[in-house]
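All remarks here apply to the structure that follows.
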């Protein structure tokens, strides 16, 4: 049995997920405290408002512990365009393919919701090169670069992936 076979996935959001998301996002070493706070706020908003929050989640668990998650939602005023707001795997579990499996399952969920395209954004800083390479390896293409978006010298890089769903070919 491979490690991927030991992963369990759930879409339901539980009260303890706010702490798990905080731990996961913090462990990566990529995010400022205010960004970690935003990740936690999205969980809290989902707990408070349910699916009306517009935030959908997929959690990856290994041996009963949450080791990764994604947060996504449909972009308002579009026909099947989705944002992937967050995807993160705990640093202790990185480089084991969990992120790829989590992303593939998230894409399948979005396709099941009649999603036709997923957008994801990340930083253009050198530190984020592995993140950008990950998206490219997973079939995303660079859609746009917004120069100096986050700060001087810190561009926003937007990637997109078009989904091939049976319903979209009708």
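The values are calculated or read from the model by the stated rules, or taken from the named source; none is laboratory data. The model shown is predicted, which means the values in this text are computed figures rather than measured ones. Positions of Cβ are generated from backbone atoms using ideal geometry, with glycine treated the same way; all protein chains shown enter the neighbour counts.
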*Give me the pairs, please: first residue somewhere in the range 5-22 and on the phi < 0 side of the Ramachandran plot and at pLDDT below 95, second residue anywhere and surrounded by fewer than 12 Cβ atoms within 10 Å (Cβ to Cβ) and outside any strand (DSSP E or B), beta-carbon distance under 8 Å, and either six or more positions apart or on two chains.*
6/63
*asked:* If residue 88 satisfies all but one of (1) over 19 Å from residue 29 (Cα atoms); (2) in contact with a helix residue (DSSP H, G or I) (Cβ under 6 Å, 6 or more places away or on another chain); (3) modelled with pLDDT of 95 or more, what's the number of the condition it fails?
replied: (1)
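Filtering the range 125-139 down to residues that are part of a loop (DSSP other than H, G, I, E, B) and within 17 Å of the chain's Cα centre (by Cα), which residue is farthest from residue 103 (Cα to Cα)? Break it down into steps so the answer makes sense when it comes.
Our first condition is that a residue be part of a loop (DSSP other than H, G, I, E, B); within the range 125-139, this holds for 125, 138-139.
From what is left, the residues that are within 17 Å of the chain's Cα centre (by Cα) are 138-139.
Details: 138: 8, 139: 11 Å.
Filtering first and then ranking leaves 139.
In this structure, does residue 147 turn out to be modelled with pLDDT under 95 and over 20 Å from residue 72 (Cα atoms)?
On the way: modelled with pLDDT under 95: no; over 20 Å from residue 72 (Cα atoms): yes.
No; evaluated as a whole, the condition is false for this residue.
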*Kindly provide the set of residues from the range 29-48 that are surrounded by 15 or more Cβ atoms within 10 Å (Cβ to Cβ) and within 25 Å of residue 128 (Cβ to Cβ), ordered by number.*
30, 31, 36, 39, 40, 42, 43
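Here are some residues: 51, 26. Which one is on the phi < 0 side of the Ramachandran plot, at pLDDT below 95 and surrounded by fewer than 20 Cβ atoms within 10 Å (Cβ to Cβ)?
Values: 26 fails: at pLDDT below 95.
Only one candidate passes the filter, namely 51.
Output the residues belonging to the range 4-22 that are under 16 Å from the mean Cα position of the chain (by Cα) and surrounded by 15 or more Cβ atoms within 10 Å (Cβ to Cβ).
Here is the first cut: in the range 4-22, the residues under 16 Å from the mean Cα position of the chain (by Cα) are 9-13, 17-18, 20-22.
Once the filter is applied, which keeps residues that are under 16 Å from the mean Cα position of the chain (by Cα) and surrounded by 15 or more Cβ atoms within 10 Å (Cβ to Cβ), the range 4-22 yields 9, 13, 17, 18, 20, 21, 22.
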*Could you tell me which numbered condition residue 114 fails, if it satisfies all but one of (1) surrounded by 16 or more Cβ atoms within 10 Å (Cβ to Cβ); (2) at positive phi?*
(1)
_Any residue at all in the range 140-159 that's within 15 Å of the chain's Cα centre (by Cα) and not in a strand (DSSP E or B)?_
yes
_I need the full set of residues from the range 54-99 which are surrounded by fewer than 16 Cβ atoms within 10 Å (Cβ to Cβ) and either under 9 Å from the mean Cα position of the chain (by Cα) or closer than 14 Å to residue 17 by Cα (or both), in order please._
64, 65
*Considering only the range 141-167, state which residues are touching a helix residue (DSSP H, G or I) at 6+ places or on another chain (Cβ under 9 Å) and surrounded by 16 or more Cβ atoms within 10 Å (Cβ to Cβ).*
157, 159, 161, 163, 165
